[in-house]
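The values are calculated or read from the model by the stated rules, or taken from the named source; none is laboratory data. Model, not experiment: these values are computed from the prediction. We place every Cβ from the backbone using ideal geometry, glycine too, and count neighbours over all the protein chains shown.
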Amino acid sequence: MATKDNTFKITIDDFSLGFAPLAHLDSLTTLGKAGHATAMGNIDLLTHPGKITQGPGLATLTAGTEAGAVTELINYITDTAVASNVAYGIGNTKLQQISATAVTNTGVFPHTITNATAGNSCIYFQGALYYFFNKSSGADFGKYDLATTFDDDYGSTVPTGAAALQSAPHPVAKKEDILMFGNGRYVGTFISSTATVAPTKLDFGVNSEVADLCFHANQWYLAVNAGILSGTNRASSQIYLYDGAALTSILSDEVAVGVQQIGFIMPVNGVVYVAYKDLSSAGGFAIGYISGRQIKPLKYFTGSLPTFAQKTLFKNTISFVSNALIYSCGAVIEQLPVQISQLADGGFSTVGALAAPFGNPMVASTQTTSFKLAQFSGFDTACTWKSIVFPVTNGTYKGMIDTIIVHTKVLGANASCAITFEANQGVSTSASKTITTTGKTRHVFTNFSLKDIEDFRIALTWAAGNATNDCEIRKIDIMGHFVENS
């Protein structure tokens with residue numbers, strides 16, 4: 001803001017806000033508070049709220065590549081541990097056993113699933129692991145006794161009502177002795193107490209597909225997309241409520257999402273959150289929540305719509321995958337505003353499952369013939385952040401930057417971050433200054449070689465930073481003065 005002595009000062013001191021409200025539509029937006037971002041890549045706003053630093057790096061699990069147990073993309077990982085230090089994942093053809101540090105590559109694991117072509121999901125239920133997969137024709141679900149016995153065609157041969165499933169995504173959830181699963185246009189149930197399966201318990205009609213489901217507040221929530229779901233076709237969606245006992249074929253209620261497509265639903269602390277998109281809008285991807293019979297949008301983002309297998313809870317926020325990147329949406333504590341930020345890289349160019357069965361997020365990815373399962377570890381250095389645009393004109397006068405003071409944590413060895421100004425709608429870029437020096441917390445810079453500035457934004461990059469000692473920024477003070485238009 002301008003002062004009486006013709007100078008201005010801008011302070012950026014709250015980085016917990018995440019993306020600016022219109023960042024998904026305008027990369028040069030001025031709308032927002034000083035700590036809002038117009039762009040970011042792999043940035044951690046969660047660990048020390050109000051401050052900004054490098055997002056987490058990725059460390060591959062032992063035997064977590066094609067040289068070990070992971071020879072295909074893992075499509076789904078259980079988001080809770082099945083036993084002490086044991087979780088499970090499923091790829092196109094194999095069932096994997098996973099610990100906090102390794103993928104099992106001995107004994108009965110990895111297990112090759114008979115006739116499987118696309119594994120969808122797995123869940124611990126009533127003392128066994130059930131796993132759903134597509135085949136070259138139709139689909140099935142298997143049962144593993146958590147010891148040595150796998151019954152790969154269990155769903156189509158053993159229970160009362162046994163039958164083949166639809167070739168489709170198969171999200172799955174449980175409540176006591178009821179297992180509920182998506183089955184294309186249908187919702188199916190499996191009752192363990194009677195060993196009875198009903199693959200077509202509910203029918204939502206032609207060109208419908210169950211995107212996700214969950215159990216919450218003694219009701220099932222069933223997210224269903226309707227329409228042609230491939231390419232650029234527009235879809236419509238509903239979230240149906242169904243009685244917890246799952247005995248009838250009558251729905252309890254529904255929430256109309258409208259001409260939009262649902263990616264996932266997720267209950268957190270008594271609230272059911274929804275990821276959805278509208279193809280008619282360039283930035284039409286949103287995270288919202290169910291309130292009565294409507295969806296209340298919270299934050300918008302751009303990228304691909306995450307699926308039921310690409311969500312988890314991390315530091316009290318919903319982490320999800322979009323365009324092979326990991327995002328965060330929520331507030332670390334309720335006293336902070338809800339933010340959306342791009343937290344970490346997903347690994348290779350195609351990302352599969354995201355889960356945190358042991359608290360630390362794990363992400364599966366692939367590129368050509370390479371595969372891996374990795375987890376958050378250390379700090380990334382491919383990290384960038386750009387502020388909103390700050391106008392600095394005063395009548396016929398334009399701005400000039402005199403001094404910038406960057407306040408950091410006490411820096412460790414080789415901690416580093418570069419800072420520049422992007423001025424006049426991003427056309428002009430200043431000289432780069434490096435924030436570094438072991439033990440230092442206050443960094444003063446001058447001589448940015450920019451004049452006649454109409455507006456600017458701050459750009460940060462940690463490309464020359466350190467994967468062990470991060471360069472965390474607490475506050476940035478920008479001071480300048482107005483000059484007559486030249």
Exercise. Does region 175-193 contain at least one residue that is under 16 Å from ALA246 (Cα atoms), surrounded by fewer than 19 Cβ atoms within 10 Å (Cβ to Cβ) and under 30 Å from the mean Cα position of the chain (by Cα)?
Worked result: yes
Exercise. Taking only pairs six or more apart or across chains, which ones have beta-carbon atoms under 9 Å, a first residue in region 305-331 that is outside the structural domain of LEU213 (by TED's automatic domain parsing) and in contact (Cβ under 8 Å) with a residue 60 or more places away in the chain, and a second residue that is among the polar types (S, T, N, Q) and buried (at least 20 other Cβ atoms within 10 Å of the Cβ)?
Worked result: none
For this session: Pick out the one residue from ALA164, ALA211 that is at pLDDT 95 or above and either among the charged types (D, E, K, R) or surrounded by fewer than 21 Cβ atoms within 10 Å (Cβ to Cβ) (or both).
Result: ALA164
For this session: Return a yes/no flag: does region 41-49 have any residue that is part of a strand (DSSP E or B), among the small types (Gly, Ala, Ser) and not assigned by TED's automatic domain parsing to the domain that holds ALA100.
Result: yes
Problem set entry | Residues (buried (at least 17 other Cβ atoms within 10 Å of the Cβ) and either charged (D, E, K, R) or touching a His at 6+ places or on another chain (Cβ under 8 Å) (or both)) located in region 314-341 | LYS315
Exercise. Is region 42-51 home to any residue that is more than 22 Å from THR468 (Cβ to Cβ), small (Gly, Ala, Ser) and out of contact with any helix residue (DSSP H, G or I) (no Cβ under 6 Å at 6 or more places or on another chain)?
Worked result: no
Exercise. Just wondering, is there one or more residues in region 296-306 that are in contact with a strand residue (DSSP E or B) (Cβ under 8 Å, 6 or more places away or on another chain), buried (at least 22 other Cβ atoms within 10 Å of the Cβ) and modelled with pLDDT of 95 or more?
Worked result: yes
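Yes or no, residue by residue, for (1) closer than 19 Å to HIS48 by Cβ; (2) part of a loop (DSSP other than H, G, I, E, B); (3) not β-branched (Val, Ile, Thr):
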| site | (1), (2), (3) |
| --- | --- |
| THR437 | no, yes, no |
| SER449 | no, yes, yes |
| ARG457 | no, no, yes |
| ALA463 | no, yes, yes |
| ALA467 | yes, yes, yes |
| ILE478 | no, no, no |
| HIS481 | no, no, yes |
Exercise. If we keep just the residues of region 1-20 that are assigned to a loop (DSSP other than H, G, I, E, B) and modelled with pLDDT under 95, which is nearest to HIS407 (Cα to Cα)?
Worked result: ASP13
Problem set entry | Qualifying residue in region 83-95 (condition: farther than 30 Å from SER193 by Cα and either in contact with a helix residue (DSSP H, G or I) (Cβ under 7 Å, 6 or more places away or on another chain) or in contact (Cβ under 8 Å) with a residue 60 or more places away in the chain (or both)) | no
Exercise. Given the conditions (1) modelled with pLDDT of 95 or more; (2) in contact with a Gly (Cβ under 6 Å, 6 or more places away or on another chain), which single one is not true for ALA39?
Worked result: (2)
